[in-house]
Amino acid sequence: DAKTTQPPSMDCAEGRAANLPCNHSTISGNEYVYWYRQIHSQGPQYIIHGLKNNETNEMASLIITEDRKSSTLILPHATLRDTAVYYCIALQGGSEKLVFGKGTKLTVNP
Amino acid sequence: DAGVIQSPRHEVTEMGQEVTLRCKPISGHNSLFWYRQTMMRGLELLIYFNNNVPIDDSGMPEDRFSAKMPNASFSTLKIQPSEPRDSAVYFCASSLRYEQYFGPGTRLTVT
């Protein structure tokens, strides 16, 4: 699976959009981009995933560039409860082996 | 649904003792995963099962670790003998398709 690169930390003001970037320049055509997050002391939580089209669900939006070398997770109106470590993972279609990197620690400030 | 259930939530044991961690996956899920999380190594996949069969155990650190899934509703991760470096949070997760649901974890401390 392709390696992903994320900034170690980010800050966001409560109520504003949080845009979390992820680079995956070596991603292959059948690798999906998955996002999970881990709130302190809890197990990771699935957020969203996509292949090449932009995706949206009740939690977030995922924007994948046309060349698929990077993506952005968007939390449209961040709340204090969104403070967590966010993981971007490239996963081959059909595989179930998630490989977690260090992620981005997002802090939402009041 | 109650989600993935893990027990115990906390375990403190002495070096050399046997430790058994338990997991009940979400009903109907056909894949089960064991992860370990430490500050130094982050979150690592140890082993996963599909339809109760171990598929990939390449993350199991050594022979002291073993995992079983005797039926679709129960799995164990056993460490024998335990060592201080096994201290970590152990997560169990289950899935049906693409989304893994994680349990609350078991915090293991080996003194």
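Within segment A:8-110, report the GluC sites (Glu not before Pro) that DSSP leaves as loop and that have at most 10 other Cβ atoms within 10 Å.
A:58, A:66
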Fill in the blank from the handout: For residue A:74 and residue B:10, extending 7 Å from Cα along the Cα-Cβ vector and measuring point to point gives, in nm, a value of 4.3
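Summing both sides, how much accessible area is buried between B and A? Use a 1.4 Å probe and give Å² to the nearest 100.
Roughly 1400 Å² of accessible surface disappears when B and A pair.
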Problem - Protein accessible area in the protein assembly as shown, 1.4 Å probe - carbon and sulfur % - result: 50
Handout entry: segment B:46-81 residues near the modelled residue A:92 label - backbone nitrogen below 20 Å, point 7 Å along Cα→Cβ
Key = B:46-51, B:54-60
Problem - Close Lys-Lys pairs in the protein assembly as shown, where close means Cα under 29 Å and separation is 8 or more or interchain - result: 22
Fill in the blank from the handout: Placing each pseudo-label 7 Å from Cα in the direction of the beta carbon, residue B:27 and residue A:14 end up separated by a distance in nanometres of 3.9
Practice task
Please calculate the 1.4 Å probe accessible area of residue B:106, with all protein chains present, and give it to the nearest 10 Å².
Solution key: 0
Exercise for the section: Could you check the simple spin-label distance between residue B:39 and residue A:65, using points 7 Å along Cα→Cβ, in nm with one decimal? Expected result: 3.5
Completion exercise
When chain A is treated as a Gaussian network with springs between alpha carbons less than 10 Å apart, the largest mean-square fluctuation among A:87, A:46, A:36 is found at A:46
Exercise for the section: Multiply the residue gap between residue A:30 and residue A:57 by 0.36 nm, knock off their C-alpha separation, and tell me the result in nm, one decimal place. Expected result: 7.6 nm
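Could you work out the Rg to Rh ratio of segment A:20-110, with Rh taken as the Kirkwood radius (inverse of the mean 1/r over all Cα pairs)?
0.95
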Completion exercise
Inter-part gap, Cα centre of segment B:75-90 to Cα centre of segment B:49-67, in whole angstrom, is 13
Completion exercise
Given a 1.4 Å probe, the accessible area of chain A per residue, as a whole number of Å², is 52
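The values are calculated or read from the model by the stated rules, or taken from the named source; none is laboratory data. What you see is a predicted model, and the numbers here were worked out from it, not measured in a lab. Cβ sites come from the backbone with ideal geometry, for glycine too, and all protein chains shown count toward neighbours. In case anyone asks, the SASA skips ligands and DNA or RNA and just uses the protein heavy atoms, side chains included. Shrake-Rupley method; radii C 1.70, N 1.55, O 1.52, S 1.80 Å.
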